[in-house]
Each structure stands twice: as structure tokens, then as C-alpha cells.
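Trainee: Dropping a structure here in C-alpha cells format, bear with me for questions.
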Amino acid sequence: MARAAKNQAKSVANETELAADAPAGPSIDAEDVARFSALAAKWWDPKGEFAPLHKFNPNRVRFIRDTCIDHFLRDPRAVAPFGDLRLIDIGCGGGLLSEPMKRMGFDVTGIDASEKNIGTAKAHAAEVGLDIRYLAQTVEQVVASKEPGFDVVLTMEVIEHVNDPESFLKTCASLVKPGGLLFIATLNRTLKAHALGIVAAEYVLQWVPKGTHDWNKFLKPEEIEGFLEGTGLTPDPAVGVSYNPFTATWALSNDTAVNYMIVARRDLL
């Protein structure tokens, strides 16, 4: 078992070599990259700084799976229905979304501007025996490398941490193949989001470290829709994700005032 894990780790390392240049691009917010790099070893601790993501993650995974099942006309009973589709997880962190996407059958590429995050993601994938291509790159570097398009592009809880979100989203959109999907998840710039996403989450409940979020970088759904104009992608209405304090659970909802997700679709040529 140990030898197999070691061989798997070598295989993953060989197939996911870091780019020769350090992650670079106009979307990088150096302070945010440094903040998440400092927490890189904590990604897979369900009781640590990323505990809210661990609780939130099943809803994200279910939403992505259900949307892709319907869009690509796949068998909902299949364990891994997406074996012929390519997916890129932009801002993958430690791989909390990349790994379940791989288990669904996707050919997964995960990218992150933090080399420490990528190190954590690669180590964990090797430990559990998942062949995921991880790159310490920005989305701008991926586009510049002439990477072929992807059937599914994920940018989940990332856009509120970048500089120039419009340019970032347009660059992400450029990676979507004809007939493909772009998933965006972020926080709304509302007073409710400030109260729950910053005051409660960072200072009262201490779910995430202080300074994780900047309310001024939160985006309204209509702003996301505006950024997508001219990209050839058509956004669906936003879907809310709400927290129930009595059951300590997250669920999809019609309330987009705090957390929400948007799917944008590119027509077949």
C-alpha cells in the first residue's frame, strides 16, 4: 500500500509540474494570496479555518453535478458520468472541489496562484490516489499557454479575492468550450452580507480568520451578468445559498442576499 501510494505520488508529480515562471497576472491580489498561503496546510482540516467550506462544499458539489447532468444529458444514476469531459477549477486552493469533480469522472485541472496551496492539493490527491493535474498558475497564464478549452470552468469563491474582477471573469469565460459551462460563486454586496459574511463569520462566530473578506469586493449578481456581456456566455438567474443557524446546515435557496452561484452557458457553434 505504501509503495503504491509512493508511486502514485511520483506519477502525479511528474504529470503536474509547476510552470517555469511564478504565478503572475493582473488578477492577483498579493495580500490575499499571502493570506491563503499562510493557511495552506489547513485546507483538509474539517475543524480548522476552512471548516465553513467543508460544510458548504456538499451543496456546491451537488449543484455542479445536477447542473452538468441536465446540461450534458448524462445518466443521474451513474457514479462517474463525466468521463469524457474536461474541467478546470480556478483558484482550487487545497483541492476541496477538484477531488469530488475527479471522482465524478471529469479530467480535472486545478490552478491556484499560491504555490503552497498547490503543494497541499497535490499531496492530498496523491494520498487518496486521485490523478489530478495541479498547476501553480493564474488563469491568465493558462490562457497564454494556449490551453485547449474546457467543458466546465469553475471559479468558486474566488472573484471576490482578485484585482479587476471584470477582466478576471472574461478571461475565465474565454476557457469555456462551445456547449460548455462556467460556474461562478461569490458574495453579494449587501448589508446582510456584511453583517453575516464579515461581522458574524469573522468576528463573532470566528468561522474564518479576520480580514478574509473585503465587503467592497463583493459583487452583485447584475454586476456578474454585466461582466459576462460580450463573452458569448448566457448567465442563468442567480441561485442563493443560505445558512440555517438552528440546524447548522447550508442549502440552496431563493435568497441571494449573501452567498449565491451563477451558471453561464456557451452555445454550440
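What follows is calculated from the coordinates using simple rules that are stated; it is not laboratory data. Keep in mind that this is a model prediction, so the values were computed, not measured. Glycine gets a Cβ as well: all are built from the backbone with ideal geometry, and neighbour counts include every protein chain shown.
Trainee: If I model a spin label at L268 and R62 as a point 7 Å from the Cα along the Cα→Cβ vector, what separation in nanometres do I get?
Mentor: Spacing of the two 7 Å Cα→Cβ label points: 3.1 nm.
Trainee: Which pairs, out of K47/K220; K42/K170; K146/K170; K42/K192; K55/K177, put more than 22 Å between their alpha-carbon atoms?
Mentor: Pairs exceeding 22 Å: K47/K220; K42/K170; K42/K192; K55/K177.
Trainee: Could you check the simple spin-label distance between A251 and E222, using points 7 Å along Cα→Cβ, in nm with one decimal?
Mentor: 2.9
Trainee: Report the full-extension gain for the segment H54 to D164: residue separation times 0.36 nm, less the Cα-Cα distance, to one decimal in nm.
Mentor: Taking H54 through D164 to full extension adds about 36.8 nm, to one decimal.
Trainee: Considering amide H positions built from the backbone, and no H for Pro or chain starts, which residues 5 or more places from M156, or on another chain, come under 5 Å of its amide H?
Mentor: Close amide H contacts, sequence-distant or interchain: I90, A185.
Trainee: I'd like the Karplus ³J(HN,Hα) series for segment 232-241: coefficients 6.51, -1.76, 1.60, θ = phi - 60°, whole numbers in Hz, and an x wherever there's a Gly or Pro.
Mentor: x, 9, 10, x, 6, x, 5, 10, x, 10
Trainee: Rank by packing, highest mean first: peptides 245-258, 167-180, 138-151, 92-105, with packing defined as the count of other Cβ atoms within 10 Å averaged across residues.
Mentor: Listed from highest to lowest mean packing, they are 92-105, 167-180, 138-151, 245-258.
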